[in-house]
1. With the Cα gyration tensor of segment 115-161 giving a ≥ b ≥ c as the square roots of its eigenvalues, does the rule (a/c under 1.5 for rounded; else a/b larger than b/c for prolate; else oblate) give rounded, prolate or oblate?
2. Tell me, what are the semi-axes, in whole angstrom and largest first, of the equivalent ellipsoid of segment 55-101 as set by the roots of 5 times the Cα gyration tensor eigenvalues?
3. Under the 0.36 nm per residue contour assumption, what length would be gained going from the current alpha-carbon distance of residue 123 and residue 50 to full extension?
4. Neighbour counts of other C-beta atoms within 10 Å: give me 53, 88, 97 arranged from fewest to most.
5. Sort 128, 56, 161 by Cβ crowding within 10 Å, fewest neighbours at the top.
């Protein structure tokens, strides 16, 4: 585990050695004690990969506003603040969303990339109400009647609320 920060070494040692996968158990592909990955493969993927996505960067006119909205929507927390903006995630988790201050103002066109979120602790209708109360709004991007809802965060970034 050479080259890993002490916190990451502790995370590796506490990591589960298997994950549930369609009712079965998917085995970790390598011995975590002899591997130099920052996060165990069981936390991210069940196959060998060449790279791991560690963050999604979102341009923002108000990075703090978007970070607070998305932290509430996902049940995450702010993990870092700096001159660049604000990052949210799960403490020690393998992935963060970084909201970066940009001077060019609000977005003007539909996103080419969006998030799909799925409720974990409530049905879709209850989650829709919760997200709207946090500051999301329903938007029409030409989707028609579907089993999901297209929403926008406070700066207009579209995302979909899927069924559980």
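1. The shape class here is oblate.
2. Calculated on Cα positions only, the semi-axes equal 15, 11, 9 Å.
3. Stretched out fully, the residue 123 to residue 50 stretch lengthens by 22.7 nm.
4. Sorted ascending by nearby Cβ count, the order is 53, 97, 88.
5. 56, 128, 161
We did not get these values from a lab; they are worked out from the coordinates using the rules stated. Owing to the predicted nature of the structure, the values given are computational and were not obtained by experimental measurement. Backbone-built Cβ (ideal geometry, glycine too); neighbour counts: all protein chains shown.
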